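Some notes on the structure that comes next.
The values are calculated or read from the model by the stated rules, or taken from the named source; none is laboratory data. Small disclaimer: the values here were computed from a predicted structure and weren't measured. Positions of Cβ are backbone-derived with ideal geometry, glycine not excepted, and every protein chain shown enters the neighbour counts.
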Amino acid sequence: MKTILMLTLVGFFTMFATQSIAQESELIKQLMDGADVSKTQAMGGAGALFGLARENMSKEDFKKVEDAVPEMGDLLDAVPSVGGGKTSMLGSVAKTITGMPKVVAAFDELGISQDKVALFTPILVNYVEEKGGKAISSLLGKAMQ
């Protein structure tokens, strides 16, 4: 009886984890295909743009975006450190960059050309609309401008 219960539980958790991974990778796959970037670039670029949105949105509104994007924490964590973490004057200044210059610097660190920001943004906004609705995607779109 214990063996059957354990196998059932293992099967359930495996199925849940597989569904979660598939759901999480949907956005990354769209970015990889739509912007012709690697997985690392897709995650870091998305994280940089979501970071910009977080800077420009209220906590309550950004929470709505987070709810629509379950992998948000991983995406925000994938943003490279701008300035390489050096203690030089440039490194110190780079750490204080905010807004779109920070996004551009992150894209540069990831090896993504600046013009691809324009490809990422509609993919992210459309994904959030699909998962969270028009009102939330509209808030996100305004915050990424």
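Couple of notes before you dig in:
- Of all residues making up region 58-82, the number that are more than 22 Å from Lys134 (Cα to Cα) and surrounded by 17 or more Cβ atoms within 10 Å (Cβ to Cβ): 5
- Gln145 passes every criterion in (1) at pLDDT 95 or above; (2) exposed (fewer than 12 other Cβ atoms within 10 Å of the Cβ) apart from (1).
- Between Leu9, Leu31, the distinction of being assigned to a helix (DSSP H, G or I), over 19 Å from Lys131 (Cα atoms) and either at pLDDT 95 or above or out of contact with any Leu (no Cβ under 7 Å at 6 or more places or on another chain) (or both) belongs to Leu9 only.
- Members of region 43-100 that are hydroxyl-bearing (Ser, Thr, Tyr) and either at pLDDT 95 or above or assigned to a helix (DSSP H, G or I) (or both): Ser58, Ser92
- Filtered residue count, region 113-126, keeping only those that are more than 13 Å from Leu49 (Cα to Cα) and at pLDDT below 95: 2
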